[in-house]
1. Read through the list (1) touching a strand residue (DSSP E or B) at 6+ places or on another chain (Cβ under 8 Å); (2) modelled with pLDDT of 95 or more; (3) part of a helix (DSSP H, G or I), then give the number of the only condition that Leu359 fails.
2. Quick check: is even one residue across segment 74-96 among the acidic types (Asp, Glu), modelled with pLDDT under 95 and either in a loop (DSSP other than H, G, I, E, B) or surrounded by 21 or more Cβ atoms within 10 Å (Cβ to Cβ) (or both)?
3. Taking the condition of being surrounded by 20 or more Cβ atoms within 10 Å (Cβ to Cβ) and either in contact (Cβ under 8 Å) with a residue 60 or more places away in the chain or assigned to a loop (DSSP other than H, G, I, E, B) (or both), how many residues in segment 175-206 meet it?
4. Can you confirm whether segment 34-56 contains a residue that is in contact with a helix residue (DSSP H, G or I) (Cβ under 7 Å, 6 or more places away or on another chain), hydrophobic (A, V, I, L, M, F, W, C), in a loop (DSSP other than H, G, I, E, B) and at pLDDT 95 or above?
5. Only residues in segment 279-299 that are of a type in the set (Phe, Trp, Tyr) count as the first member; pair them with residues that are buried (at least 17 other Cβ atoms within 10 Å of the Cβ), Cβ under 7 angstrom, at least 6 apart or cross-chain, and list the lot.
6. Identify all residues within segment 13-41 that are in contact with a strand residue (DSSP E or B) (Cβ under 7 Å, 6 or more places away or on another chain) and under 18 Å from Ile313 (Cβ atoms); write none if there are none.
7. For segment 110-142, enumerate the residues that are surrounded by fewer than 18 Cβ atoms within 10 Å (Cβ to Cβ) and more than 24 Å from Met278 (Cβ to Cβ).
Amino acid sequence: MRQVIAPRGVWLDGALRPGMELVVDAGRLAQIRPRTDVAARAVTLVTPLLSDLQVNGGGGVMVNDMPTPDGLAAIARAHRALGTGDILPTVITDAPQVAEAAADAVLACRDEHGILGLHLEGPHLSPARRGTHAPQYLRPLDARTVALVERLRARDVPVMITLAPERADPALLAALVASKAVVSAGHSSATAEQAQEAFARGVTCVTHLFNAMDGMESRRPGLLGAAIDSKVACGLICDGIHVSWQMLRIALRARPEKGLCFAVSDAMETVGGADHFMLYGQRIDLRDGRLVNAEGALAGAHVSLRDCLVNLITRVGVPPDEAVAMTTDIPRRLMGLAPRRILPGMAMDDLLVLDAPELGSALGVG
C-alpha cells in the first residue's frame, strides 16, 4: 500500500525541517521530498525512534527482577511500542550478582531489540540521598564494580554508572573514567566544590537533575548548582512530578550552552504494564500518575520518553527542535553513538510518527 505523510516537521540530519513529505510503500520509506499537491495524511512530527538512557523497567518487568535476555527484550518491546527504539536497561541498587547477571544479559543480546548497553544506578550512592534504593545494598565504589564495567567496555558496550562522587575512591573513579564509561553523579550529597572536582576528574554527566541531591541555597549551590553552571550533560525526568515545569524551565535557561540536557523516563515496569509492582518487598502503586510506596514517597516514574518529548514542548516551552534533540541525538552522543537517521528504504516501524494536536502552534514549523 502506498501513502504520503505530510508532517509539520521532520527530523533530518539534526534539524527539524518543515515543508517535507514522506512517501511510504509497503511499510517502508520510499522517498523524502518537498511537499507536493498530492493528497497526504497530515501528522504533527516525524522523528527517528527515541533513545532513553534510564529505563528501570517496562511491560510488567523490572531489570533487577529479570536480568536476562528475555527480561531485557520484554522491557525494550514495551518502550518501542511507545516510540522509544533504544534503551539503556538500568540496574538499580542491589546485590552484586544482580548487576553481573544484567551485564551478561546485555552481552548476550546487545544490539537486539534496541538494547544499547547498561546503566548501573548504584549501589555506590550517598545513604542520605538514596531515595528508594535499598540501604542494605549500598556500598562505596569497589574493585568488583570497576571490573564489571571494564569487562563490558572491553567488548565496546556503552556503560553509564551513576554514583555519589564524594564517596568514590579516587583511584577507582579514575579506572572507571579510563574505561571510557560515562560516569554520572547522582544520589549524592556532594558540595559544589566536590562536584566541580569530580567533573575535573572525568565525571561527565549528572543523573536526573534535581532528584536525589541537595537543593540549591544562596551560599551552598551543591551538586545541583554546580551541574547547572557546568558543561556536563544532565538528564531530566520530564513528567512534571519529579521536577516542576517551572524548575525545568529555569534549569534549561541557566545552562551555559544548548545541547547539554537530555530527557530520560526513569520508567518502571508499570509503563506498558500493570498499575502496581513490588520493589524491595514493598508494594508500589500508581496513583494519579505517581508511583509511590506506602509512605507516599516517589519510586521511579510512570512516563514514556514520547510523553517527555511532548511535555518539553507543550508544558516547558522548549523549542521543538531542541526537545527532539533531547530525546534523540543528545543522549546518543553522550554514549558515543551516532544519531539515528531517517533514510529512504528504512522500515516505518523505525520512525516515530507523532500525531499530537496538543502541540498546536508550539511546533513553530510548517
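The values are calculated or read from the model by the stated rules, or taken from the named source; none is laboratory data. Small disclaimer: the values here were computed from a predicted structure and weren't measured. In this analysis, Cβ positions are derived from the backbone assuming ideal geometry, glycine residues included, and neighbour counts consider all displayed protein chains. Protein only, heavy atoms only, side chains kept; ligands, DNA and RNA dropped before computing areas. Shrake-Rupley method; radii C 1.70, N 1.55, O 1.52, S 1.80 Å.
1. (2)
2. Quick first cut of segment 74-96, residues among the acidic types (Asp, Glu) only: 86, 94.
Imposing the further condition that a residue be modelled with pLDDT under 95 reduces the set to none.
No, segment 74-96 contains no residue that is among the acidic types (Asp, Glu), modelled with pLDDT under 95 and either in a loop (DSSP other than H, G, I, E, B) or surrounded by 21 or more Cβ atoms within 10 Å (Cβ to Cβ) (or both).
3. Of the residues in that region, 8 qualify.
4. Yes, segment 34-56 contains a residue that is in contact with a helix residue (DSSP H, G or I) (Cβ under 7 Å, 6 or more places away or on another chain), hydrophobic (A, V, I, L, M, F, W, C), in a loop (DSSP other than H, G, I, E, B) and at pLDDT 95 or above.
5. That search, which allows pairs on different chains as well, returns Tyr280/Ala134.
6. Result: Leu16, Arg17, Pro18.
7. Selection gives Asp111, Glu112, Ala128, Pro140, Asp142.
So that you can scan it fast, the table gives a plain yes or no per residue for (1) part of a strand (DSSP E or B); (2) hydroxyl-bearing (Ser, Thr, Tyr); (3) at positive phi; (4) free of Cβ contacts under 8 Å to residues at least 12 places away in the same chain:
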residue: His113; (1), (2), (3), (4): no, no, yes, no
residue: Pro140; (1), (2), (3), (4): no, no, no, no
residue: Thr162; (1), (2), (3), (4): yes, yes, no, no
residue: Ala171; (1), (2), (3), (4): no, no, no, yes
